[in-house]
Amino acid sequence: MIKIENVTKTYKSSTVALRDANVEIAKGEFVFLVGASGSGKSTFIRLLNKEETPDEGHIYVAGKDIGGLSSWKVPFLRRNIGCVFQDFKLLPTKTVFENVAFALEVIGRPRSVIDAQVPAILDLVGLAHKSSNFPDELSGGEQQRVSVARAFVNRPLILLADEPTGNLDPATSVGIMRLLDRINKTGTTVVMATHDRGIVDTMRRRVIELDRGTIVRDQSRGVYE
Amino acid sequence: MKAEYYVRETASNLGRNITITLASVMTVAVSLALVGASLMLRSGVENATRRWQGGIEFVVFMNPNPTQEQVDAVRTDLEQSPEVSKIDYVDKKAAYEEFKMLFADSPELVDSVDPETLPPSFRVEPVNKEVDAVEALGKTYSKMSGVRQVVFASKTIRLIQQLSSRLTVGIFVIAAFLLGAAGLLILNTIRMAMFARRREIEVMKLVGATNWFIRVPFMLEGLVQGLIGALLAIAALAAFKPFFQKWLPSSKDIPLVSGFQVSSGEMLFIFGTLGVVGILIGAIGAGIAVSRFLDV
């Protein structure tokens, strides 16, 4: 599903964000990216989403080399990749329903599809009863569920999560992890960058550890360190 | 679905910064109204002095019904004269068309004139355009058989033509600056709209909205501003047109300026030009804003 070959990414300030990385992730895998702040986890995620382009090496997503992807094709790549962030990125002027519907609306899905899929996904994340609330009326955990719903409503092949529990207390984090686990069980590949030792140690999934841009560990059923 | 989305987004963009939107619309309107007014002035002057365009210095009017021999004699003489650089024969029909144009504001006069009574004429551009030389040359034709009268371009007409062409240039320069300002204002309005919508834009990119889908509402915003400005200018000119035609005092002193007219065909052309320029300014402003400030 994802293949990273000899990828190096350096930012303008000449800090090396990723150095000669080689990773292969199969369809349906659940992968944790761990490491200190600035170790390159976010760059890893941003490269997969083509928010960044590697300086060297190749990245394959679903069998396609996305390095040479022309800019007008990038949106179609992103339709296969859902994204969840630490800061939720919900639109404050839209209700829960509208926030999720927006993701379908802007890729041209017809109203009938929106009206069928949005309630279903809100049901999946357990927020059907809050669909006409605004984000600021929800708890952090609920907001993150909305953001997961938005990322998953289009049934992407891959779900990227950049510290999705970073702003949440441990109990709420567990709920989000259950949700991601359920999504993973539907066959969606999940790549999650995290600092949360408890989560990594409990879930026992594949762990890739980064240290100053270099992959220092790639362990199946691993722990935080 | 898409169309509905574009209309909704564009309308909300326009409404969000209503004051600066109005500023750019009004600047477009004022500058285009100036362009339009100077185009009208130019057409008016051209129509009023039509027979004196292009270096024509005098006109040889024949009798209303000259014989073919008489016409041919004058033509041959003019064509063979080394002092004549160009002639233009206006037959009865062409003369009537021009008459209709000149007196379009008094249709009863046009109705009362029988095309048959209008004289054909030769318009003559002499090689030497000194006043004395032109007069001497012209007068030689007034004696020829079948010639009724020779009329010379007056100083007044020359003056009007010069004034109008300089005025047109001046107004165009001012209008160009204003149009530039309008373009910059539009660019800025759109930039502000983008800033206001930066969260939406970020999410749209994230979930895979195409670049054009993100751009279109902003492009439309610019187009709409340009178009509304142009429509305001057109409305202003249409309202102003009746006054414009009575602008030059009536024509006792300047007989040939009796018809200070802009035909409806010319007005349509002017309005069309304004519409196109308005849309163009909007599109250019929006295009720059979208390519510079919308990082998709």
TODO: Please work out whether segment A:89-225 counts as rounded, prolate or oblate from its C-alpha gyration tensor, where a ≥ b ≥ c are the square roots of the eigenvalues and a/c under 1.5 means rounded, while otherwise a/b larger than b/c means prolate and anything else oblate?
DONE: prolate
TODO: Run a plain Debye calculation on segment A:103-145 (Cα atoms as equal point scatterers, no solvent) and give log10 I(q)/I(0) at q = 0.13, 0.18, 0.30, 0.32 Å⁻¹, rounded to two decimals, same order as the q list.
DONE: -0.31, -0.58, -1.05, -1.08
Task: Cross-link reach list, aspartates and glutamates versus A:K130, counting only Cα pairs under 18 Å and skipping chain neighbours closer than eight places - done: A:E98, A:D115, A:E142
- [ ] Can you put A:T165, A:T95 in order of Cβ neighbours within 10 angstrom, beginning with the fewest?
- [x] A:T95, A:T165
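Quick check of the Kirkwood formula: for segment A:1-144, what is the inverse mean of 1/r over all pairs of different Cα atoms, in Å?
Result for segment A:1-144 stands at 17.4 Å.
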- [ ] Determine the relative contact order of chain B: mean sequence separation of Cα pairs under 8 Å and six or more apart, normalised by residue count, in whole percent.
- [x] 34 percent
TODO: Over the alpha-carbon set of the protein assembly as shown, divide Rg by the Kirkwood Rh and report the Rg/Rh ratio to two decimals.
DONE: 1.29
Open item on the list: In whole Hz and in residue order, list the ³J(HN,Hα) couplings for segment A:185-196 that follow from phi through the Karplus curve 6.51 cos²θ - 1.76 cosθ + 1.60, θ = phi - 60°; x for Gly and Pro.
Closed with: 5, 7, x, 7, 6, 10, 10, 10, 8, 8, 9, 7
Open item on the list: Averaging over every viewing direction, what projected area does the convex hull of the Cα atoms of chain B cover, in nm²?
Closed with: 20.6 nm²
TODO: Any chance you could run the full-extension gain for B:L109 through B:S145? It's 0.36 nm times the residue separation minus the Cα-Cα distance, nm to one decimal.
DONE: 10.0 nm
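Can you put A:T186, B:T21 in order, fewest other beta carbons within 10 Å first? Could the numbers behind the result be given before it?
On the way: A:T186 10, B:T21 23.
Neighbour counts put them in this order, fewest first: A:T186, B:T21.
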Open item on the list: 5 Å is the cut-off here: which amide hydrogens, built 1.01 Å from N in the peptide plane, fall below it relative to A:C83, excluding neighbours closer than 5 in sequence?
Closed with: A:L160
Task: Residue exposure sequence - A:I176, B:I284 - by fewest surrounding Cβ within 10 Å - done: B:I284, A:I176
Task: For segment B:275-282, 3J(HN,Hα) per residue [Karplus equation, 6.51 cos²θ - 1.76 cosθ + 1.60, θ = phi - 60°, Hz, x = Gly/Pro] - done: x, 5, 5, x, 4, 4, 4, x
Task: ³J(HN,Hα), Karplus 6.51/-1.76/1.60, whole Hz, each residue of segment A:43-49, x for Gly, Pro - done: 4, 3, 5, 5, 5, 5, 8
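Between their Cα atoms, which of A:K64/B:K2; B:K86/B:K143; A:K3/B:K2; A:K27/B:K2; B:K2/B:K205 are more than 27 Å away from each other? Show your work: numbers first, answer last.
On the way: A:K64/B:K2 29 Å; B:K86/B:K143 21 Å; A:K3/B:K2 36 Å; A:K27/B:K2 34 Å; B:K2/B:K205 17 Å.
Check vs 27 Å cut-off fails for A:K64/B:K2; A:K3/B:K2; A:K27/B:K2.
Mean residue ellipticity at 222 nm from the helices of the protein assembly as shown, using -39,500 (n - 2.57) per DSSP H segment of n ≥ 4 over the full residue count, to the nearest 500 deg cm²/dmol?
Numbers: 17 runs with 278 residues, N = 521.
Per the formula, -18000 deg cm²/dmol.
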- [ ] With unit charges on the beta carbon (Lys/Arg positive, Asp/Glu negative), name the residue among B:G282, A:N154, B:F213 whose Cα is farthest towards the positive pole of the charge dipole of the protein assembly as shown.
- [x] A:N154
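Any read-out appearing in this document is the output of simple, stated calculations on the displayed coordinates, not a laboratory observation. Quick caveat: nothing in here was measured; it's all calculated off a predicted structure. Neighbour counts are summed over all protein chains in view; Cβ atoms, including those assigned to glycine, are modelled from backbone coordinates with ideal geometry.
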